[in-house]
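Single-structure report; data block below.
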Amino acid sequence: MTDFTPAPRPLDGITVVSFEHAIAAPFCTRQLADLGARVIKIERPNVGDFARAYDNRAKGLSSHFVWTNRSKESLALDAKKPGADLIVEALLAKADVLVQNLAPGAAARMGVSFEALHERFPRLIVCDISGYGEGGPYEQRKAYDLLIQSEGGFLSVTGGAGEEEIAKAGCSIADIAAGMYAYTGVLSALHLRNKTGKGSRVDVSMLESLVEWMGFPLYYAYNGATPPARAGASHATIYPYGPFPTSPEETVMLGLQNEREWASFCEKVLQKPELLQDERFDTNAKRSANRDALRAIIIEKFAELGNEEVIARLDAAPIANAQVNNMHQVWQHPQLRARERWVEVDSPQGKLPALLPPGANRAYQPRMDAIPSIGQHNQSILKELGYSESQIAELKEVGAL
């Protein structure tokens, strides 16, 4: 029997040190770990990343923490205590990337800003994630996901039509946006270092990340034009596009993108070809303006057909459609299972399922290692840095660990 040698991953040999909490930075560094990077997560002793305490739904662990922290090493370290600065210095001397999403100004006060580090560690890449970015009148403002959704205009286009129906995204979309730009920013900085031999700084603003994703509604409202209206789960400007009941208990989500699909929908699904001649509906703009009348026609026909027949006709047309799945249905989604996208990872509470990273590359297997407990890797990391048992004990005594 031959030994199995795993194929190299893109970031094998890259070390990332992260002062991180909540979602944006941990989501960035978890994805770097997926690609093979060694990620050393620095947490507060005893308490750890405060996202550990958000809930206890995943076998007693926080759903947020489980999602964003697999494949990392946890070093519990109080950076304000004596001796902690030497540990940070020793870690950065071996690191390729530093990621931080501390409070505004905290990294500079700790001496881990790009400006403070670049001369000593010229190849080190520093990625700073903050709510509003460096400079400007909002630089020092606290920023949480919901607040950035509000500042970035996302809430103005999300939810139902009434003022009381304003709604936020059901996931941490501003944090996710910032985490994604931090992730790609670090990858691009590593590529740049391969060309120049020097590290660089990546400055990621949650506000700018989310506003980039708001491109369509921004340009739709360009130069003082009326912004897109909140339309619930329907599309603000394309119709019919959104949820339609097929029975008192069932709903189908459908989407029509062009006039060819509209004709097919009228002829093959509704079997009402006369609607193609109806002046209220002969362009998308008119269908959107007269959506109440069109919705009534569609709902009446769907109720007559029932859920199975509606979906059969939509598939035959073919018109794009989907189920309105809840979380339990997503766990059991047949497409994810057929593509074998679920694996298991270890955690302090035993095995937990984890989705393989999107963007599968058959040349290598993504890293899918354990979710760490607070300070789980203190001993191994410090011994690697040359600390003796007695020195580690002293650090514990002064509260640094």
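Yes or no: the range 355-369 includes at least one residue that is in contact with a strand residue (DSSP E or B) (Cβ under 7 Å, 6 or more places away or on another chain), among the hydrophobic types (A, V, I, L, M, F, W, C), at pLDDT 95 or above and under 16 Å from ALA76 (Cβ atoms).
No, the conditions are met nowhere in the range 355-369.
Residues to consider are SER18, SER62; find the one that is buried (at least 17 other Cβ atoms within 10 Å of the Cβ) and free of Cβ contacts under 8 Å to residues at least 24 places away in the same chain. Working first, answer last.
Numbers: SER18 fails: free of Cβ contacts under 8 Å to residues at least 24 places away in the same chain.
It is SER62.
Here is a list: ARG230, ARG193. Which entry is assigned to a helix (DSSP H, G or I) and touching an Asp or Glu at 6+ places or on another chain (Cβ under 9 Å)? Give the derivation first.
Numbers: ARG230 fails: assigned to a helix (DSSP H, G or I).
The unique qualifying residue is ARG193.
Check ASP96, ASP85, ASP78 and return the single one that is out of contact with any strand residue (DSSP E or B) (no Cβ under 8 Å at 6 or more places or on another chain), in contact (Cβ under 8 Å) with a residue 60 or more places away in the chain, in the same structural domain as ALA189 (by TED's automatic domain parsing) and charged (D, E, K, R). Even if it seems obvious, please write down each step before you answer.
Numbers: ASP96 fails: out of contact with any strand residue (DSSP E or B) (no Cβ under 8 Å at 6 or more places or on another chain); ASP85 fails: in contact (Cβ under 8 Å) with a residue 60 or more places away in the chain.
When all the criteria are applied, what remains is ASP78.
Keeping to the range 201-238, report how many residues are over 19 Å from ALA169 (Cα atoms), buried (at least 17 other Cβ atoms within 10 Å of the Cβ) and at pLDDT below 95.
Selection size over the range 201-238: 1.
Please verify whether ARG57 is surrounded by fewer than 19 Cβ atoms within 10 Å (Cβ to Cβ), touching a helix residue (DSSP H, G or I) at 6+ places or on another chain (Cβ under 7 Å) and over 17 Å from GLY375 (Cβ atoms), treating the condition exactly as stated.
Values: surrounded by fewer than 19 Cβ atoms within 10 Å (Cβ to Cβ): yes; touching a helix residue (DSSP H, G or I) at 6+ places or on another chain (Cβ under 7 Å): yes; over 17 Å from GLY375 (Cβ atoms): yes.
Criteria met by ARG57.
I need every pair where a residue in the range 383-400 that is more than 15 Å from LEU75 (Cβ to Cβ) has its Cβ under 8 Å from the Cβ of a residue that is part of a loop (DSSP other than H, G, I, E, B), sequence separation at least 6 or different chains.
Taking only residues 6 or more apart or on different chains, the pairs are GLU394/GLY83; VAL398/LYS81; VAL398/PRO82; VAL398/GLY83.
So which residues in the range 286-312 are at pLDDT 95 or above and more than 29 Å from ALA161 (Cβ to Cβ), if there are any at all?
Scanning the range 286-312 gives GLU309, ALA312.
Report yes if GLY170 is without any contact (Cβ under 8 Å) to a residue 40 or more places away in the chain, small (Gly, Ala, Ser), assigned to a loop (DSSP other than H, G, I, E, B) and more than 20 Å from GLY105 (Cα to Cα), otherwise no.
Numbers: without any contact (Cβ under 8 Å) to a residue 40 or more places away in the chain: yes; small (Gly, Ala, Ser): yes; assigned to a loop (DSSP other than H, G, I, E, B): yes; more than 20 Å from GLY105 (Cα to Cα): yes.
Against the criterion (without any contact (Cβ under 8 Å) to a residue 40 or more places away in the chain, small (Gly, Ala, Ser), assigned to a loop (DSSP other than H, G, I, E, B) and more than 20 Å from GLY105 (Cα to Cα)), GLY170 qualifies.
Out of everything in the range 145-167 that is touching a Gly at 6+ places or on another chain (Cβ under 8 Å) and either part of a loop (DSSP other than H, G, I, E, B) or in contact (Cβ under 8 Å) with a residue 60 or more places away in the chain (or both), what residue ends up being farthest from VAL97 (Cα to Cα)?
ALA161
The values are calculated or read from the model by the stated rules, or taken from the named source; none is laboratory data. Just so you know, these numbers come straight off a predicted model, no measurement behind them. Here the Cβ is made from the backbone with ideal geometry for all residues, glycine too, and neighbour counts use every protein chain on show.
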